[in-house]
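See structure below.
Where a number appears in this text, it was derived from the coordinates with a stated rule and is not lab data. Since the structure is predicted, the reported quantities are computational estimates derived from the model, not experimental observations. Note: ideal-geometry Cβ built from the backbone for every residue, glycine included; neighbour counts use all protein chains shown.
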């Protein structure tokens, strides 16, 4: 059954009206350009057969289309503004009645609380943007391209030193697509010039490609010079994309895969239709799924919150991020921004922003279509996060924090707000180091009582009850928006934000004395861990693991934060507890810090075992490793219940003990 897109989207006999939010973005930036593209797209779509399919993935709460999410978001924002506004007012009143040192102390503690709350508040605002007028009101529909007519796609697999067996398995998944054989070609871009890999590809061409009737795989290795920047993955991709056009003819779409990400057979058939149906879309990305995440993951490595909450929300406003693998991109869109951005790090995120800047939309679909491996050690994970932070800093600098009048582009107001929030959130994350250092000492100083003794009773009551309101509404908001991925997964992500802060600061510090354009790139798949803590045969004994400098740092800080918390709670319960309810928020934050900074210590004390490949994957007839089930777990756990009970007890002690 043929489908057309002239006026309406017709899919398997079902008609969705023009500008239906389930299928097309509601915001068109450059009306003249997009109108021309849409007319051309309408003529092209008529020859393709596209079927709408059901998706089994859970829907994000903000997609419900009712007023309840909007009301809940507004209520949470209101209680946050009320609480911190009251705290600010109390600091102003104290400034007029207390000593200079006491006033200075009160403002430092207030700033610490604001910084600690910043990332969480930005997360609330980010999700709130996705339910504003102009965003899509329903989840993006799923599609599948049927028949033997399909647009031409060039698929690029980038590699640089990964094991040839890993690359060949990824290659098997790419060439084993059930997409029309004449409509795609696979290119392997080898930046390491691995002769063994080249021979393996020649063998694949003689055996697998001839058996399947697909186009031969093209092996490309660029010539590097000692002069000039090479731009690592970005340079490799740019070379491959241009070479494919010059030597093998252009293609309507291009797709990218990391060397260790294996796609499902219907990857192209499931992703390409979105680009065909929506001419304003530049790139469509499916989630990255990892089959080697340990069952007891406490490092938040499975990215369940990102893939199941944050990216779908960004998709609603047309600014989902391309994460470097599994995406399919419109070649015309890439060429309109001058090609792949040549930077050492963060090229995928930067490319997404550049496409938005050029008036294009970027999309995220919730279908699990690629499976790979994530970092196998603590040190590799830390290195990866530092690289991501440097990439985010580079994007923030390139776009000047997305401030209007400083950065001119065609992005919508909501997209600009999103970019601004992401940029500021990165710098707030860096600033977390300040309260993490100051708070354990600041709460134990005797001057803690001075700034607030002259505050009015009305102000004290407002602080007390506004904090309770903020705490309750925030818990409800998290339950509503993150419940389907498991509260423990959100707990892991919140902990991650705190314990990884020292490494984020290191990445920022490096950016100050080293140009971000010159940041070195270390491939996760080739990272050599100094501990190999997940290997039962290779990991060192307990004392050697715990004496690692990074773990010693986390252990010492956890002891400091925990001691400060115990001393502070003791002074509240058995000391002069008058006027201390204004510090309930800081006490809760210190409790969260103590919990979070224990994560690396706990991880290294009881490291998880590496997942045996045969437990999660099996090879198909082509040699591609296939995941045997979904790759993230809806985690709950008793620890989270204990955390909530502990927070409630702290609130009772701080607020109701006078």
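Tabulated results
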| quantity | calculated |
| --- | --- |
| Length released on extending from residue 336 to residue 124, taking residue separation times 0.36 nm less the Cα-Cα span | 73.0 nm |
| Relative exposure of 208, 159, 520, judged by other C-beta atoms within 10 Å (fewest first) | 520, 208, 159 |
| Peptides ranked, highest mean first, by Cβ atoms within 10 Å: ranges 535-544, 480-489, 71-80 | 480-489, 71-80, 535-544 |
| Listed peptides 184-197, 548-561 by packing density, highest first (mean Cβ within 10 Å) | 184-197, 548-561 |
| Protection proxy ranking of 585-596, 562-573 - average other beta-carbon atoms within 10 Å, highest first | 585-596, 562-573 |
| Between the range 262-295 and the range 209-248, the alpha-carbon center distance in angstrom | 22 |
| Shape call, the range 148-377: gyration tensor on alpha carbons, a/c limit 1.5 | rounded |
| Additional length obtainable on full extension of the chain from residue 181 to residue 427, 0.36 nm per residue less Cα span | 83.8 nm |
| Length added when fully stretched, residue 652-residue 468, from 0.36 nm per residue minus Cα-Cα | 65.2 nm |
| Efficiency of FRET between residue 93 and residue 567 - r from beta-carbon atoms, R0 30 angstrom, step 0.05 | 0.60 |
| Fraction of antiparallel bridges per DSSP, the range 148-377 only, in percent to nearest 5 | 25 |
